[in-house]
Amino acid sequence: MASLEKVNEALAKLVQLIEPLKPLMKCHMVDYLTANHWETLLPKGIQQGLLNLPREKLYLMPSGALDLEDIADNKIDEELCLSSVNLSTLLSIIRKHSLHSLGVTTSMPQVLDLHGSCKIPVLPMTGIMSEKKSHEVEVMSEVIARLAKGFDANWIMDLGSGKGYLSSSLVLQYGLNVLAMDSSPINTTSALTRNTKLEKRLQKMKTAEKYQKEGKLIKRGKRKKSKKVLIHKPVSSDDSIDQNEHVHGSYIGLTAFITEDTDLLEILKESLAASRKQDAMNGKVLDTVDNHEGVLNVVQNDRKDNSTSSECEMGKIDVLNNPLEPKGDKETSLGNQSSHSLDEHRLGLVGLHTCGNLAASSIRLFISNSKVKFMCNVGCCYHLIEEEFYENPFSTKKMQDTDVGNGDNPNRKLLEEDQAEGESPSKNKSRAEEAQVSESQQEHTPATVSFDPLHPSEIPNLSVGFPLSSFLREKKFALERNTRMLSCQPADRLTEQSYNGLNSLYWRALLQVLLKEKLGDKFNASQVGRIASKCKDFAEYSRKAFEKLGLNIEVTDEALYDYERNYANNREKIERFFLLRSTLAPLIEGLILLDRLAFLSEQENIKAAYLVQLFNPVTSPRCHAVIGVRSK
């Protein structure tokens with residue numbers, strides 16, 4: 001575990017390096033040509049170094065995998081002067097400021113040896129999720145389960161639960177009780193349905209495992225599709241699972257917008273009470289019952305009725321109870337648990353890719369709730385964080401449409417999001433994973449509430465998400481939104497899979513030149529969207545962009561080709577400029593994560609705090625978890 005002194009020392013080094021790099025960090029790729037970024041932001045030495053770098057080495061830059069000169073430690077500690085260093089020296093300094101090089105991370109085995117239980121053998125749920133999600137859920141669910149057993153936690157609070165895969169794994173594979181909370185009622189309802197389907201699928205996999213061990217033939221069923229259900233990894237004799245001992249936990253899905261003022265114990269108490277009433281009503285839909293925030297709407301999923309929860313407003317919470325009762329002793333049933341004293345509850349607080357400020361709120365909730373014995377949080381969507389010492393220019397925009405799920409909401413037409421188009425290569429070619437605005441942002445975006453998550457300052461009772469630590473708050477340190485956007489770049493994935501979004505970058509920057517010449521600054525904040533992959537050349541791209549923006553610009557194809565020809569020498573430069581900027585992304589993310597770690601380490605009522613790399617950074621770019629524990 002890194003001491004608070006060590007973490008603050010690392011923060012100081014990152015601040016010193018980031019300050020002179022801020023102009024490069026906070027620029028926007030859309031303005032590359034109109035603002036002449038190559039000449040105005042890069043010293044001649046860096047320019048020449050980029051142009052001389054062989055193409056086979058170009059993509060090694062973002063992940064720090066490029067072989068570079070070894071520089072003296074005293075040069076690393078000096079304040080960076082960008083104009084006086086060459087590219088090799090700059091990249092060496094950046095690599096020396098990685099989280100690993102700063103010595104502030106802890107290995108997961110170390111944390112589990114200190115605070116967790118021994119390994120818990122389970123039957124893997126394979127062939128159910130994407131490669132990325134399977135990797136994340138498999139790794140994180142094991143970590144949470146072992147911590148929960150180590151702390152004897154009887155409920156796990158999953159914040160920003162999204163599609164519910166993590167919660168379902170904890171319930172079905174590890175037998176934990178989970179209260180899954182998400183701001184989107186659509187996510188809550190679909191997660192409940194998905195959990196029921198996963199239970200059936202896992203049961204078939206367990207049956208197949210049992211038949212295989214007994215040497216019996218596995219019945220495949222009439223439909224060929226059902227064969228997929230039986231695909232699994234064989235369990236070794238050392239990790240054998242006694243199916244008779246395995247019990248499922250309880251799953252409650254709850255729609256709520258979580259802030260640091262949320263009373264976790266009160267929510268758990270009301271959820272358990274609602275579940276007990278459902279049991280008493282034998283699965284019938286209950287009338288609403290009063291609670292401290294407004295109305296608690298309860299929906300029982302009886303697998304026959306397609307009833308759905310009512311719309312979630314700021315003052316309402318929807319609770320859905322999965323009809324998965326533990327298969328063991330009735331004394332552990334959900335209803336009986338609700339009758340226990342709240343003093344008996346020992347909670348774990350977790351979140352897989354909690355969006356924006358939710359990561360900071362999770363940390364504050366952990367600190368303020370003594371019943372929460374441990375927390376494990378992996379954050380994402382840093383561009384949606386609300387900063388204390390920076391006024392978000394998009395916060396002042398007012399909603400023109402109360403349905404934030406509406407794609408025509410004008411406040412969603414942000415210039416920054418053009419930068420996301422095609423910038424993150426992905427094996428499964430998911431748009432959400434390719435963009436800087438990650439998959440979790442979409443999962444956690446409320447569909448029927450009256451606020452816009454892109455403008456977090458408008459959300460009631462929402463505190464700032466950065467900075468948290470005393471060290472950065474004393475400096476009144478600010479990153480700004482474009483810098484935080486850059487931190488979302490998947491540096492390791494860019495190196496591993498190369499970059500295939502050059503057309504998107506180049507055409508969008510070229511389009512900005514055209515728009516400025518034709519319309520002035522009128523459309524500076526317009527979003528074109530991800531249309532480059534559908535276009536064969538810049539002329540087609542421009543036509544589609546005009547249509548999407550509702551513009552009637554008269555320009556011939558020949559004139560559009562002239563734009564492309566006139567700026568042709570910038571095509572290679574913009575790619576190299578983009579990759580250099582992406583190399584800075586881990587510095588920014590590292591600063592945000594260390595700020596959270598320092599804040600946790602400052603708290604007297606927290607025994608230990610850790611920063612751990614949980615995931616493969618190529619598979620899951622937001623791969624670090626902040627873990628906090630109380631005394632057992």
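The values are calculated or read from the model by the stated rules, or taken from the named source; none is laboratory data. Since the structure is predicted, the reported quantities are computational estimates derived from the model, not experimental observations. Positions of Cβ are backbone-derived with ideal geometry, glycine not excepted, and every protein chain shown enters the neighbour counts. Keep in mind that these areas ignore ligands, DNA and RNA; they rest on the heavy atoms of the full protein, side chains included. Shrake-Rupley method; radii C 1.70, N 1.55, O 1.52, S 1.80 Å.
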Exercise. Does at least one position in region 66-75 carry a residue that is touching a residue at least 40 places away in the same chain (Cβ under 8 Å), surrounded by 13 or more Cβ atoms within 10 Å (Cβ to Cβ) and charged (D, E, K, R)?
Worked result: no
Problem set entry | Candidates Lys548, Lys518, filtered to the one that is in a helix (DSSP H, G or I), within 31 Å of the chain's Cα centre (by Cα) and free of Cβ contacts under 8 Å to residues at least 60 places away in the same chain | Lys548
Exercise. Is it fair to say Ile553 is open to solvent by less than 60 Å² (accessible area, probe 1.4 Å), assigned to a helix (DSSP H, G or I) and either on the phi > 0 side of the Ramachandran plot or in contact with a helix residue (DSSP H, G or I) (Cβ under 9 Å, 6 or more places away or on another chain) (or both)?
Worked result: no
For this session: Go through (1) surrounded by fewer than 18 Cβ atoms within 10 Å (Cβ to Cβ); (2) in a helix (DSSP H, G or I) and name the single condition Lys536 misses.
Result: (2)
Seminar exercise, completed: Looking across region 144-186 at residues that are in a helix (DSSP H, G or I) and not hydrophobic (A, V, I, L, M, F, W, C), the single one that is nearest to the chain's Cα centre (by Cα) is Tyr165
Exercise. Limited to region 598-616, what total is found for residues that are in a helix (DSSP H, G or I), in contact with a Ser or Thr (Cβ under 8 Å, 6 or more places away or on another chain) and closer than 21 Å to Cys355 by Cα?
Worked result: 2
Exercise. If you take the residues of region 187-220 that are assigned to a helix (DSSP H, G or I) and small (Gly, Ala, Ser), which of them is nearest to Ile156 (Cα to Cα)?
Worked result: Ala191
For this session: State whether the residues of region 199-208 include one that is under 32 Å from the mean Cα position of the chain (by Cα), of a type outside the set (Phe, Trp, Tyr), crowded, with 24+ Cβ neighbours inside 10 Å and modelled with pLDDT of 75 or more.
Result: no
For this session: Among residues belonging to region 351-386 that are of a type in the set (Gly, Ala, Ser) and open to solvent by less than 10 Å² (accessible area, probe 1.4 Å), point out the one that is farthest from Arg146 (Cα to Cα).
Result: Gly356
